[in-house]
Amino acid sequence: MKIAIIGAGICGLLTALELVEQGCSVDIFDQQQAGQAASWAGGGILSPMYPWRYAPAVNQLAQYGKAAYQTWNEKIAPVTGIDFEINNSGMLIFDERDFATGLSYATQHNEPMQHSEQLNRQQLEQVNPHISTQFQQAIYFPQLANIRNPRLLQSLIQYLKQHPLVRFFEHCPIEKLITQHDQVQGIQSKNGQQFFADHVVLASGAWSEYWAAETQSKIPVQPIQGQMLLFKATKDWLPTMCMNRVMYLIPRLDGHIVCGSSMAECGFNAAVDEQTQQYILSACLEMVPELAQFPIVKRWAGLRPSSPHGIPYIGAMPNMQNLWANFGHFRNGLCMAPASAQLLRQMILRQPTLLDPAAYSPQRLQSLL
């Protein structure tokens, strides 16, 4: 079976991985270099931030993320020589209005990975000695982890590029679907080259609305910019992730600390600006003032694929046979991607599904017309 995947972000790459492991031939297309958009720009927290603020459909996919990445890393890293660097750092949350909900979430929703406990100041200092004295308590999630997403993407891309069933086409914008009697036969690139396939997958992230006209669907996916900055501290200096008022600090294993993140509607503009960067910096220094002693080594922005309630579209597109969706993951693409890809693979190959796919059905798009 031949599959064409439009989009080489984390959802497109993991969908390709799922399919080639089942013996399918896969062509992967991206309008730029693979893995360079939102998947690369994000923080890599392997859980929704404040999961209780999200729809159950989001958390249902996200709960598989950490274990799935651990499994893929064990399989792929020996081939590529690139470790995903999953950091089991745990997370501290300082938003007191979320304490009660956060503490009961794991039991209420049967998600053991979201187990948390409330810490007083003395306990907090034992877990993370660098927290500002203005925070006298926190809730601590010891099982939450982060993944170093640039390394994850590098490993996935390298593995797929050496795979005998995969062809990669970077800097190859796809402009049209080749259809006959409401059935997709293949795709056509901007330069007119045609590629034929048994199935086509749209994994085009923030750019997914482009396909609305051709699919006769309304696709409510828009780019939402998020800016970040990166400190370089000493190895193991910051022992946990930290979060307050939707701003976060994410320690990497080598001492880098990712700080973010903003949200702005500004089209496809991925440029950083000083005012937003200063806001992020202030929020992060409020949590950990001692960060100011370390240099900022990088600043960047990414474009999240926003969707209503952050619930992605996964499954068969309406009005078109053999056309599939895997887009609209908004802020939680990295942690939802493994289950999203597995679910889509199961639907394409008509296998029993990991979970009920109804909540993610692209048939929802028809109701928006």
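The values are calculated or read from the model by the stated rules, or taken from the named source; none is laboratory data. The structure presented is a predicted model; accordingly, all values stated were derived computationally and were not measured. Here the Cβ positions follow ideal geometry from the backbone for every residue, glycine too, while neighbour counts run over all protein chains shown. Quick note on the areas: whole protein, heavy atoms, side chains included, nothing else; ligands and nucleic acids left out. Shrake-Rupley method; radii C 1.70, N 1.55, O 1.52, S 1.80 Å.
Over segment 210-289, what is the mean sequence separation of C-alpha contacts under 8 Å (at least six apart), divided by residue count, expressed as relative contact order in percent?
Relative contact order comes out at 32 percent.
If you take the alpha carbon radius of gyration of the chain and divide it by 2.2 N^0.38 Å, what ratio comes out, to two decimals?
This ratio for the chain stands at 0.99.
What is the mean projected area of the alpha carbon convex hull for segment 315-355, to one decimal in square nanometres?
Its average projected convex-hull area is 3.1 nm².
By what distance, in whole Å, do the Cα atoms of segment 257-330 stretch along each of the three principal axes, largest value first?
Here the Cα extents, ordered largest to smallest, are 57, 22, 21 Å.
Give me the Kirkwood hydrodynamic radius of segment 239-369 in Å, from all C-alpha pairs, to one decimal place?
Every distinct Cα pair counted, the radius reaches 17.6 Å.
Would you mind listing how long segment 77-208 runs along its three principal axes, going by Cα atoms, in whole Å with the largest first?
Projected onto the principal axes, the Cα atoms of segment 77-208 cover 65, 37, 27 Å.
Can you tell me the accessible area per residue over segment 71-208, all protein chains present, probe 1.4 angstrom, in square angstrom?
Averaged over the residues of segment 71-208, the accessible area is 48 Å².
With contacts defined as alpha carbon pairs under 8 Å and 6 or more residues apart, what's the relative contact order of the chain in percent?
24 percent
Projected onto the charge dipole of segment 148-244 (+1 at Lys/Arg Cβ, -1 at Asp/Glu Cβ, origin at the Cα centre), which of Pro223, Leu152, Ser204 gives the Cα projection farthest towards the positive end?
Leu152
On the first, second and third principal axes, largest extent first, how far apart are the outermost C-alpha atoms of segment 8-163 in Å?
Ordered largest first, segment 8-163 gives principal extents of 54, 31, 28 Å.
So what is the orientation-averaged projected area of segment 181-307, using the convex hull of its C-alpha atoms, in nm²?
11.1 nm²
Give me the aspartates and glutamates in straight-line cross-link reach of Lys232: C-alpha distance below 12 Å, same-chain residues under 8 apart excluded.
Excluding near neighbours in sequence, the set is Asp254.
Using +1 on the beta carbon of Lys and Arg, -1 on that of Asp and Glu, and nothing else charged, what's the dipole of the chain about the Cα centre, debye to 20?
Approximately 300 debye in magnitude.
Amide H to amide H under 5 Å from Trp324: which residues, 5+ apart in sequence or cross-chain, H placed 1.01 Å off N in plane?
Val200, Val201, Leu202, Met317
Suppose only helical runs count, i.e. DSSP H with n ≥ 4. What mean residue ellipticity at 222 nm does that imply for the chain under -39500 (n - 2.57) per run, divided by all residues and rounded to the nearest 500 deg cm²/dmol?
Dividing the helical sum by the residues of the chain leaves -8000 deg cm²/dmol.
Note down the relative contact order for segment 135-241 as a percent, whole number, built from C-alpha pairs under 8 angstrom at least six residues apart.
RCO, segment 135-241: 11 percent.
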